[in-house]
Amino acid sequence: MEEEESEGIIYLSSMPEGVVANILSLTTPSDACRSSAVSGTFHAAAQSDILWNNFLPIDWESLVSRRKTSDLNFDPISSSKKEIFFSLCDCPLLIDDGNKSFSLDKWSGKKCIMLGARDLKIIWTDTPDYWTWISHPESRFGEVAVLLQAWWVELRGKISCKMLSAATTYAAYFVFKMNERYYGFDIVPADAKVGIVGGECCTISVGLDPYLDNSQRKRQRLVWMGSNAPGHRQRLRWMGSKTHTPGINMSRMALPKERHDGWFEIEMGEFHNNGGDDEVEMVLKEVNCNYSKCGLIVQGIEIRPKNSVLHR
């Protein structure tokens, strides 16, 4: 059996580089990189523009043309297609006046789009008493939205299916932080839903407090909250004796996960992109709480392939 496999490798290695590159293009970018160790022919094929041009989206040049003028880490003409591919994987490109970012999933080559906070419809962001806009050193966008105080939180985003890779199941993730003095997100869960506009979609419950299931972290926050948040002291003393907030069933609720870039994300839902002219809408809202909220920092909503491994 081993002899037969060895003969097969020798047979493939004897093929022209272009043929091997076309065969590798039927696999995945990660498979193509691993194949370079097989032989000299495979190594050469794994570097070829023929291969990596197949992994790049057909409209990558059109999307790159929508970038901010100086925001490019490669030369579209002289850089190899492999260099372009991995640059788009590792360095999300700001497009559409800097309000969206475009990148590629390293493992599949599928398109990933993030809608920045300025590209979302966030209720009351035009009211300075409720929200403010600031620059944030850890955000890929020029501005983020910061909740100063409000009783309701509701935001919506839309994206054309044409901007995404066809025949792909995507998930949408709300990307956010909380500042040190946040409060009000541990009373009731928020509702999130994702779906094709005009189609059916289901609503899920999500918890926006990053430390909802971390009683030790919560007790540390009570020290500050108890002396600086008038009107919340009684509720916080009641919370401090519990391992989690009564009324929230965490076993039935999606919770935030920390990303490699220091932000938190929470999955809002998923959809399958058939590649038509449809639009996808993403909604996150918490409008059923009588307590005020503060400290939410919104970077945006990221849409990426459902089974992708976050590497940014």
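Quick note: the coordinates plus some simple rules give every number you see, no bench work behind them. Owing to the predicted nature of the structure, the values given are computational and were not obtained by experimental measurement. All Cβ positions, glycine included, derive from the backbone under ideal geometry; neighbour counts span all protein chains shown.
Dipole of the stretch 17-123 computed with +1 at Lys/Arg Cβ and -1 at Asp/Glu Cβ about the Cα centre; of W52, G18, G98, farthest Cα towards the positive end is G98. By definition, a body whose alpha carbon gyration tensor gives a ≥ b ≥ c is oblate when a/c is 1.5 or more and a/b is not larger than b/c, and the stretch 110-150 fits this oblate description. Under a model in which nothing but the beta-carbon of Lys, Arg (+1) and Asp, Glu (-1) is charged, the stretch 26-107 shows a dipole of about 120 debye around its Cα centre.
Once you've got the Cα coordinates, tell me which of K177/K306; K121/K257; K106/K158; K100/K158 are over 20 Å apart. Those over the limit are K177/K306; K121/K257; K106/K158. Shape class of the stretch 29-136 from the alpha-carbon gyration tensor: prolate, with a/c at 1.5 or above and a/b greater than b/c.
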